[in-house]
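First comes the structure, then the notes that go with it.
The values are calculated or read from the model by the stated rules, or taken from the named source; none is laboratory data. These figures come from a predicted structure and were not determined experimentally. In this analysis, Cβ positions are derived from the backbone assuming ideal geometry, glycine residues included, and neighbour counts consider all displayed protein chains. Surface accessibility is based on the protein's heavy atoms, side chains included, excluding ligands, DNA and RNA. Shrake-Rupley method; radii C 1.70, N 1.55, O 1.52, S 1.80 Å.
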Amino acid sequence: MRTLIDQIDEIDGVEVFGRVVGVRGLMVEVAGPLHAMSVGARVGIETAGRTIPCEVVGFSGNHALLMPFAALEGVRRGCRAVVMTAAGAVRPSAGWLGRVVNALGEPVDGMGPLPIGPTPCRFRNSPPSAHARRRVGGPIDLGVRALNTFITCCRGQRMGIFAGSGVGKSVLLSMLARNVDADVSVIGLVGERGREVQEFLQDDLGPEGLARSVVVVATSDEPALMRRQAAYLTLAIAEYFRDAGKSVLVLMDSVTRFAMAQREIGLSAGEPPTSKGYTPTVFTELPRLLERAGPGAGAGAITGIFTVLVDGDDHNEPVADAVRGILDGHIVMERSIAERGRYPAINVLKSISRTMPKACDPGYLPVIMQARKVMATYSDMEELIRLGAYRAGSSAEVDESIRLHEPLEKFLSQGKTESTSLAEGYQRLEKIVMSAETEN
């Protein structure tokens with residue numbers, strides 16, 4: 001019997017494979033055992049000298065439709081397409097902190113292999129049940145004065161940073177990663193410029209921020225499937241730490257590039273384009289991705305900060321409009337503020353946290369409301385003031401807004417190495433507002 005068992009063990013496992021019958025752009029058509037190829041399954045296309053990992057994204061007639069995780073050079077008609085696994089999973093652990101990985105969970109920082117965790121985490125996990133989730137926690141200290149005071153965020157809340165290109169999103173993300181009061185930061189750089197990755201890691205994030213972070217990178221030159229997978233992996237790693245009872249901050253730059261990657265995949269699979277060429281699955285996948293952040297059923301919570309690259313500075317373009325409706329608040333960064341040298345270039349009046357006013361300290365709520373009122377008054381009269389058409393003394397409210405404009409601008413301005421706590425931010429704002437009342 002022992003001999004028979006040994007002989008059975010020596011028998012090679014069954015290998016299920018099909019054959020490539022066509023390539024259309026990014027799409028590969030495979031004929032073969034369709035019963036073994038479910039949507040999301042991994043398939044390896046064997047070419048001369050390498051195997052190209054792919055994912056099944058759909059079916060057409062008797063053919064499976066595959067999208068590649070790498071370039072398709074060398075693929076020809078008749079190549080074997082070996083069915084590898086079902087939908088992928090990753091095994092993160094605490095040893096991943098301080099590491100940089102690609103969209104498949106493989107190390108790309110040259111620091112050796114990653115430790116394997118005990119529990120597999122699916123890339124495309126379902127969001128927690130609405131009834132099983134806890135409510136958002138208390139205020140979280142983000143270390144940025146403008147956010148802590150005017151747009152206070154709670155643990156487990158999901159916020160969006162809406163801005164055009166070159167307005168300072170990456171610098172703001174690095175400030176959050178270094179200064180936030182959280183146990184772990186998981187940073188997803190989706191479709192990032194290859195040149196900027198090292199600059200972000202070394203200059204913006206720094207050794208201190210990297211030490212308690214896991215960074216997932218998929219640069220803009222990588223296939224659409226890798227860019228989409230980077231977003232899924234970012235949330236999978238965050239879910240692992242959340243389920244371990246940690247307070248997790250997820251920073252993703254950017255959701256727009258995730259939507260663009262999904263658009264490429266959808267168009268290649270034959271989906272009809274809708275608004276601005278985005279396919280229906282884009283608006284299906286966005287809530288499935290973003291809803292994975294938030295409080296869990298246990299003690300842990302994922303606080304999500306997602307950047308949205310608004311096309312042509314149009315804050316009502318389709319992706320920005322969809323994301324704004326899903327998240328729990330939005331932070332608007334404006335080019336005009338950055339052009340006059342105030343960073344971070346946050347427009348406080350156009351930004352909102354849906355947990356306000358309950359999230360802020362009740363004792364300072366009148367101060368915050370008064371400061372907002374002053375800034376709104378100045379914004380309404382700004383053109384007249386700059387042109388010199390306003391005469392001092394015509395309105396007490398306008399005079400007060402002019403006196404407080406410079407102090408408030410200095411308050412909202414913050415260097416990327418600075419950090420201000422929640423309590424300190426409230427106190428500094430109170431001094432500014434109270435000084436005006438004292439003069440009156």
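In segment 86-136, which residue that is part of a strand (DSSP E or B) and open to solvent by 50 Å² or more (accessible area, probe 1.4 Å) is modelled with the lowest pLDDT? Spell out how you get there, then give the answer.
We begin by selecting, within segment 86-136, every residue part of a strand (DSSP E or B); these are 89-90, 99-101, 107, 121-122.
Keeping just the survivors that are open to solvent by 50 Å² or more (accessible area, probe 1.4 Å) gives 89, 107, 122.
Working: ALA89: 81, PRO107: 94, ARG122: 89.
By that ranking, first place goes to ALA89.
Select, from ARG288, ARG242, the only residue that is among the charged types (D, E, K, R), more than 12 Å from the chain's Cα centre (by Cα), surrounded by fewer than 24 Cβ atoms within 10 Å (Cβ to Cβ) and assigned to a helix (DSSP H, G or I).
Just one listed residue meets the conditions, ARG288.
Assess whether GLU383 counts as being open to solvent by 80 Å² or more (accessible area, probe 1.4 Å) and either modelled with pLDDT under 95 or of a type in the set (Asp, Glu) (or both). Walk me through how you get there before you give the answer.
On the way: open to solvent by 80 Å² or more (accessible area, probe 1.4 Å): yes; either modelled with pLDDT under 95 or of a type in the set (Asp, Glu) (or both): yes.
In short, yes.
Return the residues of segment 249-269 that are open to solvent by less than 40 Å² (accessible area, probe 1.4 Å) and without any contact (Cβ under 8 Å) to a residue 24 or more places away in the chain; say none if nothing qualifies.
Hit for segment 249-269 is GLY266, nothing else.
Between THR438, THR417, which is open to solvent by 30 Å² or more (accessible area, probe 1.4 Å), at pLDDT below 90, farther than 26 Å from ASP328 by Cβ and assigned to a helix (DSSP H, G or I)?
THR438 is the lone residue from the list that is open to solvent by 30 Å² or more (accessible area, probe 1.4 Å), at pLDDT below 90, farther than 26 Å from ASP328 by Cβ and assigned to a helix (DSSP H, G or I).
Which one is nearest to the chain's Cα centre (by Cα), of the residues in segment 27-66 that are in a loop (DSSP other than H, G, I, E, B), within 19 Å of ARG122 (Cα to Cα) and not hydrophobic (A, V, I, L, M, F, W, C)? Before you say what the answer is, go through the steps one by one.
Residues of segment 27-66 that are in a loop (DSSP other than H, G, I, E, B), as a first pass: 32-33, 37-41, 48-49, 61-62.
Then keep just the ones that are within 19 Å of ARG122 (Cα to Cα); that gives 37-41.
Now restrict to residues that are not hydrophobic (A, V, I, L, M, F, W, C): 38, 40.
On the way: SER38: 28, GLY40: 22 Å.
Here the residue is GLY40.
I'd like the full set of residues that are among the small types (Gly, Ala, Ser) and over 19 Å from the mean Cα position of the chain (by Cα), limited to segment 301-330.
Across segment 301-330, the qualifying residue is only GLY312.
Which residues, taken from segment 338-351, are part of a helix (DSSP H, G or I) and touching a residue at least 60 places away in the same chain (Cβ under 8 Å)? Steps first, answer last, please.
At the first step, the residues of segment 338-351 found to be part of a helix (DSSP H, G or I) are 338-339, 348-350.
Across segment 338-351, the qualifying residues are ALA338, VAL348.
Give just the number: which of (1) hydrophobic (A, V, I, L, M, F, W, C); (2) in contact with an Asp or Glu (Cβ under 9 Å, 6 or more places away or on another chain); (3) surrounded by fewer than 23 Cβ atoms within 10 Å (Cβ to Cβ); (4) closer than 28 Å to ARG133 by Cα does ALA299 not satisfy?
(2)
Looking at segment 270-285, is at least one residue in contact (Cβ under 8 Å) with a residue 60 or more places away in the chain, open to solvent by 40 Å² or more (accessible area, probe 1.4 Å) and either assigned to a strand (DSSP E or B) or closer than 30 Å to ALA177 by Cβ (or both)? First the steps, then the outcome.
Just the residues of segment 270-285 that are in contact (Cβ under 8 Å) with a residue 60 or more places away in the chain, to begin with: 270.
Now drop any that are not open to solvent by 40 Å² or more (accessible area, probe 1.4 Å), which leaves 270.
Filter again for either assigned to a strand (DSSP E or B) or closer than 30 Å to ALA177 by Cβ (or both), leaving none.
For segment 270-285, residues in contact (Cβ under 8 Å) with a residue 60 or more places away in the chain, open to solvent by 40 Å² or more (accessible area, probe 1.4 Å) and either assigned to a strand (DSSP E or B) or closer than 30 Å to ALA177 by Cβ (or both): absent.
Condition first: aliphatic (A, V, I, L, M), touching a helix residue (DSSP H, G or I) at 6+ places or on another chain (Cβ under 9 Å) and farther than 17 Å from PHE200 by Cα. Now tell me which residues in segment 98-115 satisfy that.
Scanning segment 98-115 gives ALA103, LEU104, LEU114.
What number of residues in segment 159-188 are more than 14 Å from LEU201 (Cα to Cα) and of a type outside the set (S, T, N, Q)?
Residues in segment 159-188 being more than 14 Å from LEU201 (Cα to Cα) and of a type outside the set (S, T, N, Q): 15 in total.
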